[in-house]
Amino acid sequence: MATTREAPPKYKNDGGNVQILCPFCEPSHPIYPHKISACGTLLKVAAVQTVYPARTLKKAEVVCVKCGKPGGEMVAYGRGFVHVQECNPERKLLAEAPTYSEWARRVYNMPNWLRGWLERFTGAATEVIELDGEGRETGRIIGYYFAEAKRGRHFERKHSQADAG
Ligand SMILES: [Zn+2]
Ligand SMILES: [Zn+2]
């Protein structure tokens with residue numbers, strides 16, 4: 001049976017554009033995800049997260065930012081942690097600040113019939129509420145933005161000085 005070999009790709013900085021190159025060929029050539037090169041190389045793209053074991057988290061008395069409960073495996077989320085398994089579908093955490101807009105705030109506060117009609121074009125006007133490190137809502141509304149998904153409650157973690165950058 002055939003096996004595969006894996007190697008970190010080479011990079012070429014082409015005036016600000018970084019090209020990813022085949023590590024097996026000399027001279028090399030660009031490689032792409034979802035497209036096998038003549039030499040058989042495919043660029044594998046993977047999203048990787050570190051999962052922290054329940055025991056370690058328990059010792060550190062960590063609670064999940066999403067559900068506020070301890071126990072189970074979690075991944076890091078900002079300076080806090082969230083459960084690997086969906087534990088609170090009501091709460092959508094935003095890992096990145098969306099593009100807040102005053103227009104989204106106005107649409108959000110419109111009468112439901114008008115809001116619903118406008119949202120067909122703008123996406124769902126969504127309020128973003130701040131969470132502290134323990135997953136408690138601070139009560140502060142961070143802003144409003146148009147989400148592509150349907151309406152729901154969205155949350156952003158409180159930013160502290162240590163998060164800067
Ligand atoms: Zn190659
Ligand atoms: Zn949780």
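The values are calculated or read from the model by the stated rules, or taken from the named source; none is laboratory data. Given the structure is predicted, the values throughout are model-derived calculations rather than measurements. Note: ideal-geometry Cβ built from the backbone for every residue, glycine included; neighbour counts use all protein chains shown.
Please enumerate the residues belonging to the stretch 42-56 that are farther than 27 Å from Ala97 by Cα and not charged (D, E, K, R). Result: Leu42, Leu43, Pro53, Ala54, Thr56.
Does the stretch 96-113 contain any residue that is within 12 Å of Arg157 (Cβ to Cβ), within 19 Å of the chain's Cα centre (by Cα), assigned to a loop (DSSP other than H, G, I, E, B) and within 16 Å of ligand 2 (Cβ to nearest atom)? No, the stretch 96-113 contains no residue that is within 12 Å of Arg157 (Cβ to Cβ), within 19 Å of the chain's Cα centre (by Cα), assigned to a loop (DSSP other than H, G, I, E, B) and within 16 Å of ligand 2 (Cβ to nearest atom).
For the criterion of being under 30 Å from Thr3 (Cα atoms) and either among the basic types (Lys, Arg) or within 13 Å of ligand 2 (Cβ to nearest atom) (or both), Lys44 passes. For the stretch 39-61, the criterion of being at pLDDT below 90 and among the β-branched types (Val, Ile, Thr) is satisfied by at least one residue. Within the stretch 95-107, being of a type outside the set (Asp, Glu) and at pLDDT 90 or above holds for Pro98, Thr99, Tyr100, Ser101, Trp103, Ala104, Arg105, Arg106, Val107.
One line per residue, one yes/no per condition, for (1) touching a residue at least 24 places away in the same chain (Cβ under 8 Å); (2) among the aromatic types (Phe, Trp, Tyr); (3) surrounded by fewer than 14 Cβ atoms within 10 Å (Cβ to Cβ); (4) out of contact with any Gly (no Cβ under 6 Å at 6 or more places or on another chain):
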site: Thr56; (1), (2), (3), (4): no, no, yes, yes
site: Pro89; (1), (2), (3), (4): no, no, yes, yes
site: Pro111; (1), (2), (3), (4): no, no, yes, yes
site: Glu130; (1), (2), (3), (4): yes, no, no, yes
site: Thr138; (1), (2), (3), (4): no, no, yes, yes
site: Tyr144; (1), (2), (3), (4): yes, yes, no, yes
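When the residues of the stretch 62-78 are filtered to those that are under 19 Å from the mean Cα position of the chain (by Cα) and without any contact (Cβ under 8 Å) to a residue 60 or more places away in the chain, the one that is nearest to ligand 2 (Cβ to nearest atom) is Met74. Between Pro33, Pro9, Pro23, the distinction of being exposed (fewer than 11 other Cβ atoms within 10 Å of the Cβ) and more than 30 Å from Gly133 (Cβ to Cβ) belongs to Pro33 only. Residues that are polar (S, T, N, Q) and over 28 Å from the mean Cα position of the chain (by Cα) were ranked within the stretch 26-51; the one that is farthest from Val82 (Cα to Cα) is Ser28.
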